[in-house]
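Q: This is the structure, below, for whatever I ask next.
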Amino acid sequence: MPLAFLSAIAVGTALLLLPISRNGDDSAPFVEAIFTATSGVCVTGLTVVDVSTYWSGFGQLVLICLVQIGGFGIMTLASLLSLAVAGRLGLRERLAAQVETKGIDLGNIRNVVLRVAVVVFIVESVAAVVLSLRFYLGYGYEFGTAVWHGIFHAVSAFNSAGFALHTDSLETFIHDPVVTVPVAVAALIGGIGFPVIVELVRRTFRPSKWTLHTKITLMGSAVLLAVGFATYLVVEWDNAHTLGPMTLLERVHAASFSAVMPRSAGYNILPIPDLKPETWAITDVLMFIGGGSAGTAGGIKVSTFFVLAFVIWAELRGEPDVSMFGRTIPAAAQRSALTVALLGVGCVAVGTIALMAVSNLPFDVLLFDATSAFGTVGLSSGATGALNDSGHLILVALMFTGRVGTVTLGAALALRARHRRFRFPDSRPIIG
């Protein structure tokens, strides 16, 4: 997987370096090209330039293709192409798709890939049609421009990228639910993860048959959305630069949309630099957690966070086992969750410190953008555009690590697996 994503980034960078990709006579500098390509393949949405004016139509097309490839999954896309060409999947393709889609049954990977492709096509198509009609009929865009804007934002939203063809993201449409609701719904569907999507398609009206992973993801997502909504609504209620001047319904609408975006979608209708520090802090947490596993969202994932939460709860109650929804969580899953979370904390911490070393920006500003990069969110406090090339390359490394996954990247960097044929005696250190 790391090599596949690196290859896609390399191809995207090469295409964006072409003079035809940029408005004007000169080609884009290397750092801007590799940053944009990485942000596209890793479905982040952070930019160092204005996508709507800096890149030409060809450059924007390259960017949204990178978003689709990175969001759908390079391994999954390769499996789909194999099905289209050969009508079957070999063992190598099935194993690759199993890794990326988190499929359990190797023999069922073909159906999983096809279902994922159908869901992607339907959601993106519906969102694109609604947005295109709104841009054309409501804002007077030329028909071709309206269709392009509709497709671009639908693909970007479903794949949790957050790229926009407007300088202020979607702040222009803060009072227009016909634009914001399709974007938010597409981002929610894409962000819960392909395993959950596939199971909901198969067992929509049979929640008792849902797997533990689906129950954790849906429950956790609902809790995090409620926390985000309450934070934006209460904390920003009297902020003259955000929700202050709005009516009650407008505040509810803006807070609802803003609660969805830190889950990895990356669009904003409220100016991020004008948010209060408390909102920034909660947004950092939501970006770090991210969305569902094996989907377009980033972060350590909802299931990871809530497994650890139940581990803590079981420890506080002195229970010997960790259980959720009538099921016991194996010790191996607990260790995996702890590893992912701590590696994520380490990546954000190291990335923030590295950014502090190459810039003079405040800590909270750099922490926000570092968390956004690792969580492949795309929200920015303004630091991304103000950083030098060294800072941009640090964010590139964070985006890549966040999209591929800390454990996947660590396993890929390991020289070989070690199997110990003995076990040391137990000894309990003092904890706490």
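The values are calculated or read from the model by the stated rules, or taken from the named source; none is laboratory data. Keep in mind that what you see is a predicted model, and the values were worked out from it rather than measured. Because the Cβ atoms are built from the backbone with ideal geometry, glycine has one as well, and the counts that use them run over all protein chains shown. All accessible areas refer to the heavy atoms of the entire protein, side chains included, with ligands and DNA or RNA removed. Shrake-Rupley method; radii C 1.70, N 1.55, O 1.52, S 1.80 Å.
Q: Within segment 348-395, can you find the residues that are of a type in the set (Phe, Trp, Tyr) and open to solvent by 10 Å² or more (accessible area, probe 1.4 Å)? Show your work before the answer.
A: Taking segment 348-395 and keeping what is of a type in the set (Phe, Trp, Tyr), we get 363, 368, 374.
Selection gives PHE363 alone.
Q: Only one of TYR141, TYR136 is aromatic (Phe, Trp, Tyr) and either surrounded by fewer than 18 Cβ atoms within 10 Å (Cβ to Cβ) or modelled with pLDDT under 90 (or both); which? I'd like the intermediate steps shown before the answer.
A: Details: TYR136 fails: either surrounded by fewer than 18 Cβ atoms within 10 Å (Cβ to Cβ) or modelled with pLDDT under 90 (or both).
Step by step, each of TYR141, TYR136 is checked, and only TYR141 is aromatic (Phe, Trp, Tyr) and either surrounded by fewer than 18 Cβ atoms within 10 Å (Cβ to Cβ) or modelled with pLDDT under 90 (or both).
Q: Something else: Being of a type in the set (D, E, K, R) and not in a loop (DSSP other than H, G, I, E, B), is that true of even one residue in segment 190-200? Reasoning before the result, please.
A: Kept after step one, since they are of a type in the set (D, E, K, R), are these residues of segment 190-200: 199.
Now narrow it down to the ones that are not in a loop (DSSP other than H, G, I, E, B): 199.
Within segment 190-200, one or more residues are of a type in the set (D, E, K, R) and not in a loop (DSSP other than H, G, I, E, B).
Q: Taking the condition under 30 Å from LEU249 (Cβ atoms) and open to solvent by less than 10 Å² (accessible area, probe 1.4 Å), does PHE229 pass? Working first, answer last.
A: Numbers: under 30 Å from LEU249 (Cβ atoms): yes; open to solvent by less than 10 Å² (accessible area, probe 1.4 Å): no.
Answer is no for this residue.
Q: Of all the residues that make up segment 282-298, how many are in contact (Cβ under 8 Å) with a residue 24 or more places away in the chain and farther than 22 Å from PRO182 by Cβ? Talk me through it step by step, then tell me what you get.
A: Within segment 282-298, the first condition is being in contact (Cβ under 8 Å) with a residue 24 or more places away in the chain, and the residues that meet it are 282-284, 286-298.
Applying the additional criterion that residues be farther than 22 Å from PRO182 by Cβ yields 282-284, 287-289, 293-294.
The number of residues fulfilling the criteria is 8.
Q: Then there's this: Any idea which residue in segment 209-226 is modelled with the lowest pLDDT, counting only those that are over 24 Å from GLY378 (Cα atoms) and open to solvent by 40 Å² or more (accessible area, probe 1.4 Å)? Walk me through how you get there before you give the answer.
A: In the first step, residues of segment 209-226 are kept if they are over 24 Å from GLY378 (Cα atoms); the result is 209-216, 219.
Cutting the leftovers down to open to solvent by 40 Å² or more (accessible area, probe 1.4 Å) gives us 209-213, 215, 219.
Values: LYS209: 82, TRP210: 86, THR211: 86, LEU212: 88, HIS213: 87, LYS215: 91, MET219: 94.
Filtering segment 209-226 for residues that are over 24 Å from GLY378 (Cα atoms) and open to solvent by 40 Å² or more (accessible area, probe 1.4 Å), the one modelled with the lowest pLDDT comes out as LYS209.
Q: Then there is this: What pairs can you find where one residue is in segment 100-128 and within 13 Å of ILE197 (Cα to Cα) and modelled with pLDDT under 60, the other is open to solvent by 20 Å² or more (accessible area, probe 1.4 Å) and not in a loop (DSSP other than H, G, I, E, B), and their Cβ atoms are less than 7 Å apart, with a gap of 6+ or different chains?
A: Close Cβ pairs satisfying both conditions: THR101/VAL112; THR101/PRO195; LYS102/PRO195; GLY103/VAL112.
Q: Okay, moving on. Please specify each residue of segment 256-306 satisfying the condition of being open to solvent by 20 Å² or more (accessible area, probe 1.4 Å) and touching a Phe, Trp or Tyr at 6+ places or on another chain (Cβ under 7 Å).
A: Correct list: SER256, TRP280, ASP284.
Q: With the requirement that a residue be over 16 Å from LEU170 (Cβ atoms) and open to solvent by 10 Å² or more (accessible area, probe 1.4 Å), what does segment 44-63 give you?
A: Passing the criteria: VAL48, VAL49, THR53, TYR54, SER56, GLY57, PHE58, GLN60, LEU61, VAL62.
Q: Taking segment 165-186 only, how many residues are among the small types (Gly, Ala, Ser) and open to solvent by 10 Å² or more (accessible area, probe 1.4 Å)? Show your work before the answer.
A: We begin by selecting, within segment 165-186, every residue among the small types (Gly, Ala, Ser); these are 169, 184, 186.
Filter once more, so that each one left must be open to solvent by 10 Å² or more (accessible area, probe 1.4 Å): 169, 184.
Of the residues in that region, 2 qualify.
Q: Then there is this: Pairs only if they're at least six apart or on different chains, beta carbon under 8 angstrom, first in segment 167-187 and aromatic (Phe, Trp, Tyr), second surrounded by 15 or more Cβ atoms within 10 Å (Cβ to Cβ) and not in a helix (DSSP H, G or I); list them, first residue then second.
A: Between residues of segment 167-187 that are aromatic (Phe, Trp, Tyr) and residues that are surrounded by 15 or more Cβ atoms within 10 Å (Cβ to Cβ) and not in a helix (DSSP H, G or I), the close pairs are PHE173/ILE269.
Q: Out of segment 253-292, which residues are closer than 27 Å to LEU165 by Cβ and of a type in the set (Val, Ile, Thr)?
A: Within segment 253-292, VAL260, ILE269, ILE272, THR279, THR283 qualify.
Q: Another one. Just to be sure I understand the filter: pairs with C-beta atoms under 7 Å, separated by 6 or more residues or on different chains, first member in segment 32-52 and touching a residue at least 12 places away in the same chain (Cβ under 8 Å) and within 14 Å of THR376 (Cβ to Cβ), second member aromatic (Phe, Trp, Tyr) and open to solvent by less than 10 Å² (accessible area, probe 1.4 Å). Which pairs pass?
A: Once the first residue is touching a residue at least 12 places away in the same chain (Cβ under 8 Å) and within 14 Å of THR376 (Cβ to Cβ) and sits in segment 32-52, its partners that are aromatic (Phe, Trp, Tyr) and open to solvent by less than 10 Å² (accessible area, probe 1.4 Å) give VAL41/PHE5; GLY45/PHE163.
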